[in-house]
1. What's the exposure ranking of HIS172, HIS180, going from fewest to most Cβ atoms within 10 Å?
2. In whole angstrom, note down how far apart the Cα centers of segment 170-208 and segment 27-46 are.
3. How tilted is helix 131-149 with respect to the longest principal axis of the chain? Cα atoms for both, answer in degrees (0 to 90, nearest 10).
4. Would you mind checking the tilt of helix 53-65 against the longest principal axis of the Cα atoms of the chain, expressed as 0 to 90 degrees and rounded to 10?
5. Roughly how tilted is helix 78-95, in degrees to the nearest 10 and between 0 and 90, from the longest Cα axis of the chain?
6. Net charge near MET205: determine it from the other residues with C-beta under 15 Å of the C-beta of MET205, scoring Lys and Arg +1 and Asp and Glu -1.
7. Between MET205 and GLU118, what's the calculated FRET efficiency when r is the beta-carbon distance and R0 is 35 Å? Round to 0.05.
8. In whole Hz, what ³J(HN,Hα) sequence does segment 14-26 give by Karplus (6.51, -1.76, 1.60; θ = phi - 60°), x for Gly and Pro?
Amino acid sequence: MARPRQALLTRERIVEAASALVDAEGLDALSTRRLATELSVQGPSLYNHFATKSDIVDAVADAVIEQVDVSAFGTFPWDEALRRWARSYHAVLSAHPNIVPVLAQGPGRRPGGLAMAEAVYGALVDAGWSYARATHIGALMRYLVTGSALGSFALGFDVDPQLYDRYPHLGHAPRLAEHHEAVDEGAFELGLDLLITGLTARYEMGTR
């Protein structure tokens, strides 16, 4: 009886397995040995596709960024496009929080990250923002999105009510955890709205 053929090892399979591992267990769990085990291959075979573990991490990060929808740029006015993109960016990173520390460092040489930066920066410049201001806006949006995706503000408080006897203004803190999704999403939306409202005001004043 013929032995079943082993699935061909490809960059796509490696990235898919690495992404699943990072999502499930975090960046520290990712090693070439562990990845080879997950793929049922010998470790050295990974190096036919990636020179280093860092290259694999970069590919995982880029695979996440490629899920962000940038189609609003060139379709909607700059402010609405920025809002739609930020929401997509936030949703994607929130679904993959373990890779956010890598993404927070910037696109580096990753094609997907550079393509997203090109779409955002190009749309802002085309809308009339100066090169400097477009750069500031791109950086500011990244701070908002990656910062909000790094962890939950609401889950950062202990649920023991007695802990807050000495902190009367934090009396409601133990209840934040049960409403963490609404709290965190509301905070992101408030920040996004204030940011775009402020930018729109500057734009209309001609301060670009």
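1. Details: HIS172 11, HIS180 15.
If I rank by nearby Cβ atoms, fewest first, I get HIS172, HIS180.
2. 41
3. 70
4. Approximately 50 degrees, to the nearest ten.
5. Around 50 degrees separate the two axes.
6. Values: positive: ARG133, ARG202, ARG208; negative: ASP79, GLU204.
Net of charged neighbours comes to +1.
7. On the way: r = 27 Å, r/R0 = 0.78.
Rounded to the nearest 0.05, the efficiency is 0.80.
8. Using θ = phi - 60°, the values come out as 5, 5, 4, 5, 5, 4, 5, 5, 5, 4, 7, 10, x Hz.
Laboratory data are not the source of any read-out in this text; all were calculated from the coordinates shown. Small disclaimer: the values here were computed from a predicted structure and weren't measured. Here Cβ is always computed from backbone atoms with ideal geometry, including for glycine, and neighbour counts include all displayed protein chains.
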